[in-house]
Amino acid sequence: MDLAYGPEYEAFRAEVRAFIAQHGAQAPRRFGVSRPSEETQNWQRLLIEHGLTARTIPKEYGGYGAEPDILKSRIIAEEFTAAGLPMGIANQGISMLVPTLLELGTEEQKKKWIAPTLRGEVVWCQGYSEPGSGSDLASLQTKAVEDGDDFIINGQKIWTSTAHASDMIFCLVRTEPEAKKHEGISYLIFSMQTPGIEVRPLKTMTGHAEFNEVFFTDVRVPKKDIVAGRGHGWFVANATLKHERGMLGDPNQAGTRLKEITDLMHKETMDGTRLIDHPVYRDRLVALQARVFAMQFHGLRLLTAAAKGEDPGIARLIVKLQGCELNHQLAALAIDALGEIGVLYEDSPHLRAQGAWQHRYMFDLGLIIGGGTAQIQKNIISERGLGMPREPKPAKA
Amino acid sequence: MEFGLSEDQKLLQESIGRTLEKVSPLERVRKAADEHAAYAGDVWQALSELGVAGMLIAEEHGGMGMGLLDAALASEMLGRHVAPAPFVATAVMAPIALAGAGSKAQQAAWLPKLASGEAITGVAVSERAAGAREGAGVAASGGKLNGTALFALDAAGADIFIVADKTGGLHLVTGDAKGLTRIALTSIDLTRPLGELRFDNVEAEPLSSGDAGAALKRMVDAGRVMLAADTLGAGWAMIEKAVAYAGERKQFGRVIGSFQAVKHMCAEMAAELEPCRSLVWYAAHAFDTMPDEASLIAAHAKALTSETGRFVARTATEVHGGMGFTDLVGLHYWFKRIGLNRQLLGSPERVRHEAAVLQGWAAD
């Protein structure tokens with residue numbers, strides 16, 4: 001047990017701080033919109049050049065080419081968070097497609113797609129879920145039928161974030177209808193400009209269209225734009241989902257929220273008394289603080305295991321379930337402590353934090369459901385983590 | 001940066017676990033409980049031979065000079081095996097008190113005997129750590145103690161006591177001192193008896209060579225981390241028993257562990273309890289190396305692990321169905337162990353209030 005980073009890492013931290021001092025002012029003020037602005041792309045290029053994002057991606061594919069070092073990645077994250085600076089683009093292309101192509105793509109696919117994706121010039125969406133295939137993703141029905149050198153795609157995807165702003169899609173389709181359900185799927189990448197694609201925004205309970213539905217009618221895609229060959233799509237998707245699950249339930253986000261609520265409760269008053277002086281709200285805050293600390297230290301434990309190449313077992317499997325739930329409960333406390341003000345939304349007078357707490361409270365529920373529902377997470381924890389038996393398949397009627 | 005156990009720590013924990021598996025199986029626990037024994041002498045001896053009694057005592061006094069994280073790993077194993085043995089007071093809180101506030105002579109007189117396991121020390125600080133009930137409290141004057149101390153830990157077989165008075169001063173009292181009455185308090189948990197101490201002009205030596213107030217705070221912080229670790233161990237034992245039972249018990253032609261309703265109960269227990277391990281480790285490490293954070297994290301570890309322990313204890317019992325409710329399976333020893341840990345040295349509500357005070361969020 002040693003929480004110090006050591007001289008090599010402290011020197012690296014100093015480099016990161018020097019970068020922030022010199023270039024921090026160039027960081028884009030608005031970040032996280034679905035299409036990176038020119039300002040964001042400039043910032044992204046600067047970060048890549050200095051090894052502060054796309055750090056371990058080989059130079060030949062447009063990355064920085066450093067050896068993987070999880071502690072250095074963490075130091076970058078710590079320093080950027082402390083300075084309140086955006087860390088670089090974290091869209092689905094960068095966090096999911098790029099690692100997948102690096103692992104399983106052809107040389108041509110890597111050369112063509114990774115660099116412009118990293119620079120934020122090419123934006124991707126993910127075509128996985130379908131109306132009839134959510135938790136049971138492998139039952140997906142979007143068909144790709146062979147026609148000469150092409151596939152012809154028909155079907156529908158749902159929960160496709162940023163589809164309306166995307167150049168490209170990585171998409172699971174059924175190419176082998178005769179094969180068993182997991183073995184008949186292929187992973188295709190194609191342009192969202194291809195004729196026959198229709199994107200319809202899907203408005204959610206937050207009032208915003210955070211997702212889309214995507215309809216395919218006779219969409220023609222060259223056969224060469226497959227990743228890892230026909231019938232291997234399920235394997236590719238699992239490689240990709242591994243990257244997504246790593247992103248959900250981040251305890252550092254909970255830490256930031258905890259700080260915001262603490263500040264809020266010190267500032268806001270009711271009947272002239274600060275919320276922090278209200279014993280019931282204060283007790284809830286302290287109880288949540290313990291949970292946030294536990295998940296942050298849990299994160300340190302996982303980081304240590306990853307740095308040593310050890311499998312942390314069940315400790316890793318619980319992060320999505322616990323982390324998303326914790327974020328949701330933090331938002332709930334902020335709403336409760338704000339009382340009637342807590343229900344204000346959109347552009348109402350007396351609104352606090354631009355209505356962020358209600359938005360988070362609702363959006364977090366989406367995250368508890370998305371990326372593998374809480375119930376699917378519990379199946380994974382009990383089956384893979386605790387070795388409990390799988391639910392038997394119902395007998396065929 | 002390394003947040004994890006060393007190879008030595010893993011080996012230490014395994015060896016304590018193996019020893020307890022051998023010397024303290026459920027039949028042995030049951031026997032000690034049925035007899036209302038002060039503690040199981042054979043279990044304590046086996047632990048002492050491994051060095052558990054002297055883990056935190058400096059090598060110059062015959063101990064192992066280890067840190068609180070090592071002690072937390074031991075405590076986790078004691079909880080896992082619901083060991084009927086003294087530990088929190090005699091092996092953790094008393095050595096911290098003697099090292100922090102004892103004179104050279106007091107240290108030389110007692111630490112070697114504690115380190116070998118030959119002497120047991122009870123600790124009576126409940127009034128300062130968990131709040132004084134009506135009629136409780138000890139007054140010190142002219143080298144004499146008067147009053148009542150409730151919920152003394154490791155008290156039943158203790159050779160000496162460390163007692164906190166109403167002002168936070170610490171005193172050393174021998175078990176056979178004139179005017180001292182020791183009354184057994186029967187709690188739900190018969191693996192670790194509690195005691196009431198009544199003082200009628202009892203002669204006491206003050207522990208006043210260092211900062212007694214600081215020593216008392218350190219004792220309580222360390223005790224809280226130990227109780228959290230004990231609950232962590234007991235809780236995981238209950239989860240494993242629930243998983244094993246659900247893998248054997250059949251209803252409707254299937255093992256019940258294949259029903260999602262049952263599986264999800266087990267997943268929830270594991271998902272809630274496992275982060276407590278990281279909190280306990282951090283709290284123990286902070287106690288040794290980060291004095292500014294130590295009290296806050298100790299309070300958090302005690303509160304969160306107690307709350308989670310309660311959830312695990314009832315849920316694991318429910319997974320066992322009717323059998324969980326019986327004495328036959330003996331699951332209740334773990335349930336009660338967790339129940340006692342929750343109340344000792346400050347309930348979750350009380351320690352959360354302390355956590356708020358420590359951060360300037362509430363008045364003392």
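The values are calculated or read from the model by the stated rules, or taken from the named source; none is laboratory data. All values derive from a computational prediction rather than experimental measurement. So basically every Cβ, Gly included, is an ideal-geometry build from the backbone, and we count neighbours across all protein chains shown. With ligands, DNA and RNA removed, areas are computed over all heavy atoms of the protein, side chains included. Shrake-Rupley method; radii C 1.70, N 1.55, O 1.52, S 1.80 Å.
Using a Gaussian network model of chain A with C-alpha springs under 10 Å, which one of A:E325, A:E310, A:E146 is most mobile by mean-square fluctuation? Evaluated over chain A, the most mobile residue of the options is A:E310. Return the carbon/sulfur percentage of the accessible area of chain B, one whole number, probe 1.4 Å, all protein chains in place. The C+S portion of the solvent-accessible surface of chain B is 52 percent. Over segment B:212-358, the pair-distance histogram of Cα-Cα distances with 5 Å bins from zero comes to 2, 11, 19, 19, 16, 11, 9, 6, 4, 2, 1, 0, 0 percent, rounded to whole numbers. The interface between chain A and chain B buries about 4100 Å² of solvent-accessible area in total (1.4 Å probe, ligands and nucleic acids excluded).
Rounded to the nearest 0.05, what FRET efficiency do B:E349 and B:A108 give with R0 = 30 Å and r taken as the Cβ-Cβ distance? Could you check? All intermediate terms of the calculation are to be shown ahead of the outcome.
Numbers: r = 41 Å, r/R0 = 1.37.
Plugging the Cβ-Cβ distance into 1/(1 + (r/R0)^6) gives 0.15.
At a threshold of 10 Å², the residues of segment B:1-39 that become less accessible to a 1.4 Å probe in the full protein assembly than in their chain on its own are B:M1, B:E2, B:F3, B:G4, B:K10.
By accessible area of protein heavy atoms, probe 1.4 Å, what ranking do A:E49, B:E268, A:E178, A:E8 get, highest first? Intermediate values should be presented prior to the final figure.
Working: A:E49 130, B:E268 60, A:E178 175, A:E8 110 Å².
Correct descending sequence by accessible area is A:E178, A:E49, A:E8, B:E268.
From other protein chains only, count the Cβ atoms within 10 Å of every residue's Cβ in A:13-20, then give the mean.
Working: counts 0, 0, 0, 0, 0, 0, 0, 0.
That works out to 0 on average.
The lysines whose alpha-carbon is closer than 16 Å to the alpha-carbon of A:K378, local same-chain residues fewer than 8 away aside, are A:K320, B:K263.
Given a 1.4 Å probe and every protein chain left where it sits, what share in percent of the accessible area of chain A is carbon and sulfur?
Details: 10210 of 19010 Å².
C and S atoms contribute 54 percent here.
Within segment B:13-71, the percentage of alpha carbon pairs spaced more than 18 angstrom apart rounds to 42%.
Ordering B:17-29, B:71-83, A:371-383, B:307-319 by mean Cβ neighbour count within 10 Å, with the highest value first, yields B:71-83, B:307-319, A:371-383, B:17-29.
Packing, taken as the mean count of other beta carbons within 10 Å per residue, orders the peptides A:132-143, A:153-164 from highest to lowest as A:153-164, A:132-143.
Remark: mean inter-chain Cβ contacts per residue of A:282-288 equal 6, using a 10 Å Cβ-Cβ cutoff to other protein chain atoms.
Surface exposure of chain A, expressed per residue as accessible area with a 1.4 Å probe, stands at 48 Å².
The mean number of partner chain beta-carbon atoms within 10 angstrom of a residue's beta-carbon across peptide B:287-299 is 1. Is segment B:80-167 rounded, prolate or oblate when judged by the Cα gyration tensor, a ≥ b ≥ c being the square roots of its eigenvalues, rounded requiring a/c under 1.5 and prolate requiring a/b larger than b/c? Taking the square roots of the gyration eigenvalues as a ≥ b ≥ c, segment B:80-167 is oblate.
Taken over the Cα atoms of chain A, the convex hull encloses 179 Å³ per residue.
Would you list, by chain and number, the aspartates and glutamates whose Cα falls below 17 Å from the Cα of A:K180, excluding same-chain residues fewer than 8 positions away? List returned: A:D136.
In terms of packing, defined here as the mean over residues of other Cβ atoms within 10 angstrom, the peptides A:12-22, A:89-99, B:183-193 line up highest first as A:89-99, B:183-193, A:12-22.
Shape class for segment A:99-204: oblate, because the ratio a/c of the largest to smallest gyration tensor axis (alpha-carbon atoms, square roots of eigenvalues) is 1.5 or more and b/c is at least a/b. Over chain B, one equal point on each Cα, no solvent: what is log10 I(q)/I(0) by the Debye formula at q = 0.06, 0.11 Å⁻¹? For chain B at q = 0.06, 0.11 Å⁻¹, log10 I(q)/I(0) is -0.21, -0.71. Helix B:291-319 and the longest principal axis of the Cα set of chain B meet at an angle near 40°. Computed over protein heavy atoms with a 1.4 Å probe, the accessible surface of chain B works out to 38 Å² per residue.
So what's segment B:195-256 giving for Cα Rg divided by 2.2 N^0.38 Å, two decimals? List each step's numbers first, then the result.
Working: Rg = 22.9 Å, N = 62, 2.2 N^0.38 = 10.6 Å.
It is 2.17.
Here segment A:7-90 has an Rg and Dmax of 12.5, 39 Å, counting Cα atoms alone. For the protein assembly as shown, the percent of C-alpha pairs falling in each 20 Å distance bin, counted from 0 to the bin holding the largest distance, reads 15, 42, 31, 11, 1, 0.
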